[in-house]
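To keep things clear, I will list the structure first and then write my remarks on it.
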Amino acid sequence: MENRKDSLLMGIVFIVLGSSSYGMLSTFVKLAYKHNYTTAEVTAAQFAWGALIVSIMALLQKNKGQKANKADIKSLMIAGIPMSLTSILYYLAVRYIDASVGVVLLMQSVWMGVVVEAIQKKQIPSLEKIFAVIMILFGTLLATKMIGAQNVVLDIRGVILGLLTAMSFSWTLFSTSSVANHLNPIQRSKFMLYGGCIVVAIFALLTQIAPYYLGLQLVGSDFIFNQSFDTNIFFNYGLIVAIFGTVIPPIMLNKGFPVVGMGLGSILSSIELPVAMTIAFLFLGEVVNMLQWVGVLTIISAIVLLNYRLFSVNLSSGPAH
């Protein structure tokens, strides 16, 4: 019994560490922007470092578990597309809105998941789920300062990009939970990062390399970074964002979720919200008022409501297997 409790405790610690790590990302990206680094530079450095570090980890455990076949590699690299798009869209969003607002918009993936589930099952969600979605939407209005605050202007570009990030993140969660599950987490992460590297390279080419070096503008001017590619990003913020965005979270969450289960895991992962807002307050000086915290608590309460049955089963049965 004691071992089961210890295992559950470790699973909780893994998920809290992984989710907290995600919560710090937007602040690090904002700091990189303050040093005149671009979205293309940040994402390129993040995925290059992430792929390198995870590849080395995979090499050190090459004899563990099944080997990936060609079909597995192809599926995982395709699954890496939404993962990279999530980072790109998220980092573009926080160019226009506060980091604390960006993470709130990202969490809209929770109710989007409910909608996707309803479409897949071709049935109307339960009243419980509908109420939880309403809570999330109301909490979002509070947390993004749309209610109760005066003279607040949200850049519509940031809001749209934030909601697109949530959609992409929902796609990421669906892909990571259903593709090549017979492989160990590090092997899966490696090939997903390879696929993500291709998308990030195309993004950097279209938004910075082609416009600056070749004089070609193939995307809208809002997404053009007409400056030379600063490789110094690889040795400061790029490495930090890689560690907190593509190395620690997937490993921690892949270790934690199988132990604690989806219900408790989903509730614990919502710690990303308060962590993101606290870090943004401490390092960026972003003002977070009481209504915003009420909004965050409302969103977390909705996540608990959506998962409380699984949560109860998990606590009564011990670690998931």
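Which residues, taken from the range 225-244, are part of a helix (DSSP H, G or I), hydroxyl-bearing (Ser, Thr, Tyr) and without any contact (Cβ under 8 Å) to a residue 40 or more places away in the chain?
First pass over the range 225-244, keeping only residues part of a helix (DSSP H, G or I): 231-235, 237-244.
Checking which are hydroxyl-bearing (Ser, Thr, Tyr) leaves us with 231, 237.
Across the range 225-244, the qualifying residue is only Thr231.
Inspect all residues belonging to the range 193-215 and state whether any of them is closer than 25 Å to Ile97 by Cβ and small (Gly, Ala, Ser).
So far as the range 193-215 goes, yes, one or more of its residues are closer than 25 Å to Ile97 by Cβ and small (Gly, Ala, Ser).
Counting only residues that are within 26 Å of the chain's Cα centre (by Cα) and loosely packed, with under 15 Cβ neighbours inside 10 Å, which one in the range 199-220 is nearest to Gly80 (Cα to Cα)?
So, considering only residues that are within 26 Å of the chain's Cα centre (by Cα) and loosely packed, with under 15 Cβ neighbours inside 10 Å, the one nearest to Gly80 (Cα to Cα) is Ile202.
Among Val159, Val247, which is the only one that is closer than 30 Å to Leu142 by Cα, among the β-branched types (Val, Ile, Thr) and in contact (Cβ under 8 Å) with a residue 40 or more places away in the chain?
Values: Val247 fails: closer than 30 Å to Leu142 by Cα.
After ruling out the rest, the residue left standing is Val159.
Condition first: surrounded by fewer than 16 Cβ atoms within 10 Å (Cβ to Cβ), part of a helix (DSSP H, G or I) and at pLDDT 80 or above. Can you find one or more residues in the range 169-185 that meet it?
Looking through the range 169-185, none of the residues is surrounded by fewer than 16 Cβ atoms within 10 Å (Cβ to Cβ), part of a helix (DSSP H, G or I) and at pLDDT 80 or above.
For the range 38-83, how many residues are hydroxyl-bearing (Ser, Thr, Tyr) and more than 25 Å from Leu284 (Cα to Cα)?
Number satisfying all stated conditions: 2.
Under the condition of being part of a helix (DSSP H, G or I) and β-branched (Val, Ile, Thr), which residue from the range 109-126 is nearest to His35 (Cα to Cα)?
Restricting to residues being part of a helix (DSSP H, G or I) and β-branched (Val, Ile, Thr), the top hit is Val110.
Of the numbered conditions (1) surrounded by fewer than 19 Cβ atoms within 10 Å (Cβ to Cβ); (2) in contact with a helix residue (DSSP H, G or I) (Cβ under 7 Å, 6 or more places away or on another chain); (3) of a type in the set (D, E, K, R), Lys64 satisfies every one except a single condition; which is it?
(2)
Being farther than 29 Å from Phe235 by Cβ and modelled with pLDDT under 85 is true for just one of Gln120, Gln61. Which residue is that?
None of the others qualify; the one that does is Gln120.
Has the range 251-262 got at least one residue that is over 21 Å from Gly23 (Cα atoms) and assigned to a helix (DSSP H, G or I)?
Checked against the condition, which is being over 21 Å from Gly23 (Cα atoms) and assigned to a helix (DSSP H, G or I), the range 251-262 yields at least one hit.
Here are some residues: Ile279, Ile267. Which one is in a helix (DSSP H, G or I), at pLDDT 70 or above and crowded, with 16+ Cβ neighbours inside 10 Å? Break it down stepwise before answering.
Working: Ile267 fails: at pLDDT 70 or above.
Just one listed residue meets the conditions, Ile279.
Within the range 54-75, does at least one residue satisfy the condition of being in contact with a Pro (Cβ under 9 Å, 6 or more places away or on another chain) and within 12 Å of Val241 (Cα to Cα)?
No, the range 54-75 contains no residue that is in contact with a Pro (Cβ under 9 Å, 6 or more places away or on another chain) and within 12 Å of Val241 (Cα to Cα).
Kindly check whether there is at least one residue in the range 99-108 that is assigned to a loop (DSSP other than H, G, I, E, B), without any contact (Cβ under 8 Å) to a residue 60 or more places away in the chain, within 19 Å of the chain's Cα centre (by Cα) and closer than 22 Å to Val296 by Cα. Please lay out each step first, then the result.
Step one: list which residues in the range 99-108 are assigned to a loop (DSSP other than H, G, I, E, B), which gives 107-108.
Keeping just the survivors that are without any contact (Cβ under 8 Å) to a residue 60 or more places away in the chain gives 108.
With the extra rule that they be within 19 Å of the chain's Cα centre (by Cα), the set shrinks to 108.
Subsequent filtering for residues that are closer than 22 Å to Val296 by Cα retains 108.
Yes, that holds for at least one residue.
The values are calculated or read from the model by the stated rules, or taken from the named source; none is laboratory data. Model, not experiment: these values are computed from the prediction. Neighbour counts are summed over all protein chains in view; Cβ atoms, including those assigned to glycine, are modelled from backbone coordinates with ideal geometry.
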